[in-house]
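Presented below is the structure to which this report refers.
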Amino acid sequence: MQRWPVLLFLAWVCFLFVAGIGLFMSGFLLTRIELAHSSSCSDPLTPPPWDRQSLPPGSCWMPQRFSKAVLVIIDALRFEFAWFNPANVSPLPYENKLSFLHHLATSQPRHARLYRFRADPPTATMQRIKGLTTGSLPTFIDVGSNFATYAIQEDNLLAQLVQNGRKVVFMGDDTWEGLFPKKFFRSYFFPSFNVKDLHTVDDGILQHLYPTVDGGEWDLLIAHFLGVDHCGHKHGPDHPEMAKKLTQMNEMLRSLVDHLGNDTLLLVAGDHGMTETGDHGGDSEKEVNAALFVYSKTPLFGTGPPEEPEAIPQVNLVPTVALLLGVPIPYSNIGEVMAELFPGDGDALSAALQQLSVYHVNAKQVDRFLHSYSLVAQDLPAEQLQHLQEIFAAAVEEHVQLLAQMQEAVLVFPELESRLGNLISRFQLYLREARAVCTQTWARFHPLRMVAGCTLIAASCLLCYVTSELATASDSFYRSCLLYPLLWGLVVAVLLGLACTFIQEGLDLLLVSSWAAAVSQVAFFWRWWGRQPKRARVASSQPPLAAIGLRQWLRAWLGLAFPVGILLFRCGAMFSDSFVVAEARVAPFLLASLVVLLVGKLHWDGRLTVPEGPKQQLLGFSSYRKESWYLLYLVAVLLVCVRLSIFFHQCREEIPQCRPSLFIAPLASLRNTRAKNLFYLLCVASLVGLVFVVRCWLRHYGNLNSSDPLVLFVRWGFPLVVICIACYWAVASSAEDSLGKLQELVQVALVAFPWAVYGLVSVGLLLLLCNPMTVFAKDTRESAGPIVTPYLGVPSSEVDFLHVIPQIYRRMQESLKSRLERGSCKATVAAYGLGSVYSAALVIALTLLGFLLLLLHSERLSLAFLLLFLEAFVLLHIHTRARSLAGDAEPFSVPWHAVISWLLAASQFFYSTGHQPIFPAIHWNAAFVGFHLDHSTNLLPAVLVGANTFASHILFAVGCPLLLLWPFVCESPSLQRRKPKKEAQEELQEEEEHMMEMRLRESPERFSAALLQLGLKYLFILGMQLLACVCAAMILRRHLMVWKVFAPKFLFEALGFVVSSICLLLGISLVMRVDCAVSTWFSQLRLSPCLIFNSWTMTAPVRGPRCRLLAFASELLLSS
């Protein structure tokens, strides 16, 4: 077998796709340009003065109103959590818990007020912190760096305070440490990523909060609590733990107010909300609807509160706090100041003039930013910028005229009040329209890179299809066409690198790799086209109807049209947001449709019925084959599995009537102890059932007979893994109920049991890689004399072979003659498990990976994984039976319908393991399975969360070679026992037809080409789905749902492609590792007389079919 050329070719194709993905992403998900400018007190933005306005020393732009401010951020504080409804007599756990805020707002209406604090999506913590400090809108791509928190270089509120000599103290979420390095006078950071930890951050803040406030050595104090957010992630809002957390926050605020001075402003804010499942990251109403509470011991407002809380964007907080503290507004702010916090000297005229001055400063700052930004980016629409400039200029001019008329005392109060109100409205209109323009056109696309990336992906798909069709036709094609593309790509990469070095510019690895990929593709197609004879091209263009009949041509065409049509329909559905939203039901429907169409085609071809005899023709009906009924039974089981998988779906916010599956939530969320115990037993039973079925299958095919370490691990290690997982589930489901010293033991167990599983799975995989052979050889033959040779050791030349070949074949003839004379097939040497040695290794690997992925999911999803393995088993048997009934004469080629159905099942179980292609549905808890404290790096949690998210992609990609191997495994002679007894020679001849997977070693070149073709088909289908998502995101980039539906779908599809391609390479590599081990095993037999293996008859205590190697004597001679 040619191992390295196949792996190298597939790795090169994966590189082509990844280069296209990276190039497209660089054009589609660009971050907006961050200006390096910074505001300062000397900027000419001071509003026109009026008679009662004065700017005291130390203030910038506007008089300072407060000398200190406390910003309390309660992460994920949804508005409903802060709203108090006295009429609610039976509140939910998250309702009416912050009663102190209601008390302040009702008892001191001029001192306190509650707002709806509208967050801009994406509602991830890092993006909200950026918005709360810069007053700008973070872009979509920043979601990817939510846990890699790059420092904010843009002008922000903290930088302005530090620049003007103020002291900023922080305590809480350590995300701020990466965003604002060296900006804090004093800081107390606590690890934030462990969403299962409800108390570490909050308790750490409470330990330092009150002493710091009383110390007074600060100007801005920020306290970022995380308990509410983590409680939502772990339990959801409707849980008793949420009530405890909110009550704790209520008491904290009550104590904090007692420590505040009269010159201090208190701000209590939520950075975002949360869904009913406790998640966030999207733009649903409950995710963007946070709360803001403002309080001061001195009067804040000139009027009473409105009947309903006012809704304000979160970016409005930045200019408001900046002017209240007497520092410049950050340069890139696009927020609108909260004018009601500037009441003037108390009377209506003073308040209106003060608010007008505030709006004037705010509008000047936004106008300056838009002008600077348009010069650098030039992506804001020129017509809208001109319109905004006209509104701003007219408002400023009228403001100056109004103040001049006031000094001349030519206006009476009613007219003055009316004109002030109209002018304030014009400034508000300008600020809101400016923000709307930025929101609509903020994302800067790079069309050329997007088109280039899309073209690269499309060309890679074409390459996969062309090569998959030619891989089995020419064994050496892929090797001869691989060298030149790699050389050309390497040359281009080196030249571009040298050019970048010569012109002293930074080396853009993405562009270099993209150019190398494109050139290597062109070189491949050039080489491929040059190898095609001209007459072959002309002949291939002729219609096939001249050679075959119309009916046969239609049958062949429909055989490909059905699966390809299903694939094209799935790709076309990517352009519809409704189909993407409903894909959790679309994928199972397409899978079921494809299998039913396959059975229908077999029936139309007459493959399900036996040939009609005279009696059947007379009665007018046909009888079905026995194999056909078995196929229909398998299809029925598949349809049941497809239907049952729907019960494990996660809901999207776009489907309000949807209710999330009960199986997604962990067992700890169940309050009914009896139900919890019942589900626990069911989950453990599913684990035990999986291990039992796998061991039965291995025992049936004779792969559990030897005493090799791998076999011993399957016998004893698998049950031990099940015990560890079951113990972990038991401890995790009751961790909240443990008290005292038992709590410490529980915390130790929550770490120890997962690490035991990690260790056992790692040991199993290492044993599998070191020695994947699960074959047991039993020698029952009579002793034969040695082969006489004139040399020592292994034959090394053709002359040496001439001495040994006649003796080998003479001995084989004598053995055959002796067996025929005795009329029996008594075994001489039996190799148990050799016929399924490749599949056994894959089954063991998939089981180990299944254990690991099961551990990263909630307990009740073990039922979904059991369903996944069952459906994969059924699909393999349907594929095998369909090929058998269709009379497929090419066993080394996997048909398209099998590969497409396999990938549709992978997509189906992506949704049936509780996932959706949206950020709020990511299971962040997986990052802390086996880890009690925070991670030191982001790599390990990213791997764990990625494994949890793409579990189905991993399993189906690693198991993809089974599509090639399974028909050979099912080539079982068990049916022979039911046939009448035959002559010994006929029986021996029939035995030779059943060699199972050893038939693959008859043609090593065809085996290599078959693996390559299967891998290319798999990558082609993955690439077509990816290409559809890329085209949809590119064409619909201005669509209303692009950032809500199409962009997340593209990101998840791209990541899924990367994960699937890596796991596909690992699965094929494992098959090649087994093939290498089989070759070594054969070579160890060398030229001993034990080359004759026969008989499938099972004998106790050794179980499983025995495989003989008579057909491979010549191969052994050549490989030795």
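The values are calculated or read from the model by the stated rules, or taken from the named source; none is laboratory data. On a predicted model such as this, the values are computed, not experimentally measured, just so you know. Ideal geometry is used to build each Cβ from the backbone, glycine not excepted, and the neighbour counts take in all protein chains shown. These accessible areas exclude ligands, DNA and RNA; they are computed on the full protein's heavy atoms, side chains included. Shrake-Rupley method; radii C 1.70, N 1.55, O 1.52, S 1.80 Å.
With the other protein chains left in place, how much accessible area per residue, in square angstrom, belongs to the range 834-980 at a 1.4 angstrom probe?
Working: 3780 Å² over 147 residues.
The answer is 26 Å² per residue.
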Report, by chain and number, residues whose modeled amide H sits under 5 Å from the one on Thr609, excluding near sequence neighbours (fewer than 5 apart, same chain).
Arg625
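In whole percent, and with a 1.4 Å probe on the protein chains, what portion of the accessible area of the range 235-287 is carbon and sulfur?
On the way: 800 of 1660 Å².
In the range 235-287, the share of accessible area belonging to carbon and sulfur is 48 percent.
How many Å³ per residue does the convex hull of the Cα positions in the range 381-431 occupy? Spell out each step's value before the answer.
Values: hull volume 2.8 nm³, N = 51.
Roughly 55 Å³ of hull volume per residue.
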Here the range 891-899 yields Karplus 3J(HN,Hα) values (6.51, -1.76, 1.60; θ = phi - 60°; whole Hz; Gly and Pro given as x) of x, 8, 10, 8, x, 4, 5, 5, 5
Step through the table entries Lys364/Lys1044; Lys130/Lys1044; Lys234/Lys286, compare each Cα-Cα distance with 27 Å, and write down the pairs that go over it.
Lys364/Lys1044
Quarter of the Cα convex hull surface for the range 66-136, i.e. its orientation-mean projected area (nm²):
6.4
Report Rg (one decimal) and Dmax (nearest whole number) for the range 357-470, counting Cα atoms only, units Å.
24.7, 92
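List the equivalent ellipsoid semi-axes of the range 349-393 in whole Å, largest first, each obtained as the square root of 5λ for an eigenvalue λ of the Cα gyration tensor.
Numbers: eigenvalues 142, 24, 5 Å².
Taking √(5λ) for each Cα gyration eigenvalue gives 27, 11, 5 Å.
Sorted from largest to smallest, which semi-axis lengths in Å does the alpha carbon gyration tensor of the range 169-212 give for its equivalent ellipsoid, taking the root of 5 times each eigenvalue?
Values: eigenvalues 63, 46, 4 Å².
After scaling each eigenvalue by five and taking roots: 18, 15, 4 Å.
Near Asp577, within a Cβ-to-Cβ distance under 12 Å, what is the net charge of the other residues, with Lys and Arg +1 and Asp and Glu -1?
On the way: positive: Arg652, Lys1044, Lys1049; negative: Glu583, Glu654.
Taking every Cβ under 12 Å from that of Asp577, the sum is +1.
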In the range 1021-1065, whose amide N lies under 15 Å from the spot 7 Å out along Cα-to-Cβ of Phe445? List them in ranges.
1029-1048, 1050
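Taking a cut-off of 16 Å, what percent of all Cα-Cα pairs in the range 839-951 are separated by more than that? Walk me through the intermediate numbers first.
Details: 4241 of 6328 pairs.
Tail of the P(r) past 16 Å holds 67 percent of the pairs.
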Rg and Dmax of the range 622-674 over Cα atoms: what are they, in angstrom?
18.8, 58
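Counting only other residues whose beta carbon sits under 11 Å from that of Gln160, what net charge do I get with K and R as +1, D and E as -1? Don't skip to the answer; put the middle values down first.
Numbers: positive: Arg166, Lys183; negative: Asp155.
Result for the neighbourhood of Gln160: +1.
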The ratio Rg/Rh over the Cα atoms of the range 267-356, Rh being the Kirkwood inverse mean 1/r radius, stands at 1.03
Gain on full stretching of the segment that runs from Ser1003 to Glu433 - 0.36 nm per residue minus C-alpha separation
198.1 nm
Distance (nanometres) between label positions extended 7 Å along Cα→Cβ at Leu939 and Ala685
4.3
With a 1.4 Å probe and every protein chain left in place, work out the accessible area per residue of the range 648-701 in Å², rounded to a whole number.
57
Using the Kirkwood radius built from alpha carbon pairs, what does the Stokes-Einstein equation give as D for the range 419-466 at 20 °C and 1.002 mPa s, in µm² per second?
147
With a 1.4 angstrom probe the carbon and sulfur portion of accessible area for the range 572-725, in percent, totals 67
Under 5 Å between amide H atoms, partner at least 5 residues away or on a different chain: which partners does Glu310 have, H built in plane at 1.01 Å?
Arg116
